[in-house]
Amino acid sequence: MTAKKKTVRISMAIILFISLLFSFAVATEKGNIRTETTAQVTENIVSYAIDSIQTEEEIQIQGWALIQGEEMEEVNCNVVLIGEQSKEQWILPTMIIERMDLTEAFSDGIDYRKAGFLANIRNERLSLEQEDYAIYLEYLTNGHSYLVPTKKQVRIIKEIPWQETDPTEAEISFLLDSITAQKKVLTIEGWLFCPKDFGKTTKTEVLLLNSRTGKAYLIPTDPVERLDLAAHFPEDIFSKEAGFTASLETWRFDFGYDSFEVCLRYTGESEVFMIHTGQYVDLEEQKEEQNGAS
């Protein structure tokens with residue numbers, strides 16, 4: 001065989017191998033990611049935690065799930081993403097992440113090392129610019145299937161139009177407890193409640209309003225129980241989940257160049273209010289306080 005023919009055959013073999021590898025990867029992804037679950041929503045059976053949600057180059061969700069006192073041999077845990085508006089479902093297979101700390105933490109004689117999980121999906125497969133995705137866990141064990149709501153969401157920072165509203169008509173009460181920056185993460189905490197919407201489905205979200213451009217940015221915000229406030233307000237108007245917390249990496253905005261007011265968007269039963277708080281992000285002040293403390 002001449003050297004030229006040998007080179008051609010090797011090249012063809014490499015091309016064939018790459019094609020087969022690509023086809024296998026595509027087939028694997030299509031075969032693993034389902035778009036419907038038959039599991040029933042169940043609470044207070046499965047213990048779990050979502051440790052981290054990353055939304056950079058691809059979405060990665062890491063955490064753990066287990067039923068205390070139950071062996072892990074026949075357990076399969078998938079991550080389910082459900083669109084807030086579209087209700088579309090993505091059931092993501094997970095990779096087992098060993099968690100020795102769980103066996104030590106529960107200390108009941110059961111080996112929980114395989115309770116850790118990691119799931120991922122490409123960003124472009126979700127419509128994150130249009131909606132958020134609630135995170136559920138599909139927990140399959142011993143012939144049972146549980147769909148566990150985690151109260152966590154996959155979200156990104158979104159630019160939205162700012163609309164002036166008058167929250168005084170709704171008698172909304174609110175307070176920002178803290179605006180802190182530590183380890184390059186800005187965290188905003190506070191509470192808000194509206195007496196007329198007591199007992200109804202509502203949402204409070206943090207906005208950053210650029211004073212120079214007038215652009216508003218919606219920051220992923222989570223509800224927080226604030227039982228400490230219950231003693232100060234009548235039971236018939238105060239919701240225990242009136243608290244909120246929002247966080248983002250400080251590199252996402254040029255806080256040194258632009259001034260950003262922390263605002264709130266409250267979505268009630270029938271109206272949406274955008275609220276000025278009069279408080280601003282000041283990273284320089286944060287640095288001075290941290291330097292003074294040290």
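Every number in this text was worked out from the coordinates using simple rules, so none of it is lab data. Because the structure is a prediction, the values reported are computed rather than measured. Because the Cβ atoms are built from the backbone with ideal geometry, glycine has one as well, and the counts that use them run over all protein chains shown.
Structural remarks
- Here's the list of aspartates and glutamates a cross-link from LYS183 could span, going by alpha-carbon distance under 16 Å and ignoring same-chain residues fewer than 8 apart: GLU249, ASP282, GLU284, GLU285, GLU288, GLU289.
- TRP162 paired with THR267, simple spin-label distance in nm, labels 7 Å along Cα-to-beta-carbon: 2.1
- Listed residue pairs exceeding 27 Å between alpha carbons, taken from LYS87/LYS203; LYS87/LYS200; LYS114/LYS184: LYS114/LYS184
- Under the combined filter of DSSP loop state and at most 10 neighbouring Cβ atoms within 10 Å, the range 70-146 retains these trypsin sites (Lys or Arg not before Pro): LYS87.
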